[in-house]
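Let me begin by presenting the structure, written as structure tokens, before commenting on it.
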Amino acid sequence: MRTIAAREAKTRFGELLDAAQREPVAIEKHGRRVAVVLSAEAYDEIETLKRDQLKAELSKGLEDLEAGRFEDGEALFDRLVESDERSLAVLVAALTRATARTEAKLDEALATVSATLEGLKARRDG
């Protein structure tokens, strides 16, 4: 995939469109990729693949439902809360490292995480 700077994309827009007909072109701004330009045909192909995948997943889900292969709502909710608690623990560790120099920000972040955990536990238990 070809990559060009945003400024060049602006000044050479016609050439960008021509290049995008052959292959996707990444556009960078300040050294970061911010967009990808591709042909309408390539975009349509991607959308078709996404739609076909969604249809297949929905079909599988309906088959599972009809065959009795599903999880009841309460068990699913408990599993999601447990997963959220693990995710929040990882978040707390990241926040601790990222804000260790600023105690006030750390206290605020930990209070938010604690309140969120308490809310999740209350929803699970309530």
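Quick notes on this one:
- LYS105 basic (Lys, Arg), modelled with pLDDT of 80 or more and either more than 30 Å from ALA5 (Cβ to Cβ) or not in a helix (DSSP H, G or I) (or both): no
- The conditions of being part of a strand (DSSP E or B), among the small types (Gly, Ala, Ser) and surrounded by 11 or more Cβ atoms within 10 Å (Cβ to Cβ) are not met by ALA42.
So that you can scan it fast, the table gives a plain yes or no per residue for (1) among the aliphatic types (A, V, I, L, M); (2) within 30 Å of ALA109 (Cβ to Cβ):
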position: GLU8; (1), (2): no, no
position: ARG12; (1), (2): no, no
position: ARG33; (1), (2): no, yes
position: ILE46; (1), (2): yes, no
position: LEU58; (1), (2): yes, no
position: ALA75; (1), (2): yes, no
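The values are calculated or read from the model by the stated rules, or taken from the named source; none is laboratory data. Here the structure is a predicted model, which means the values were calculated and not measured. No Cβ is skipped: glycine too gets one built from the backbone with ideal geometry, and neighbour counts run over all protein chains shown.
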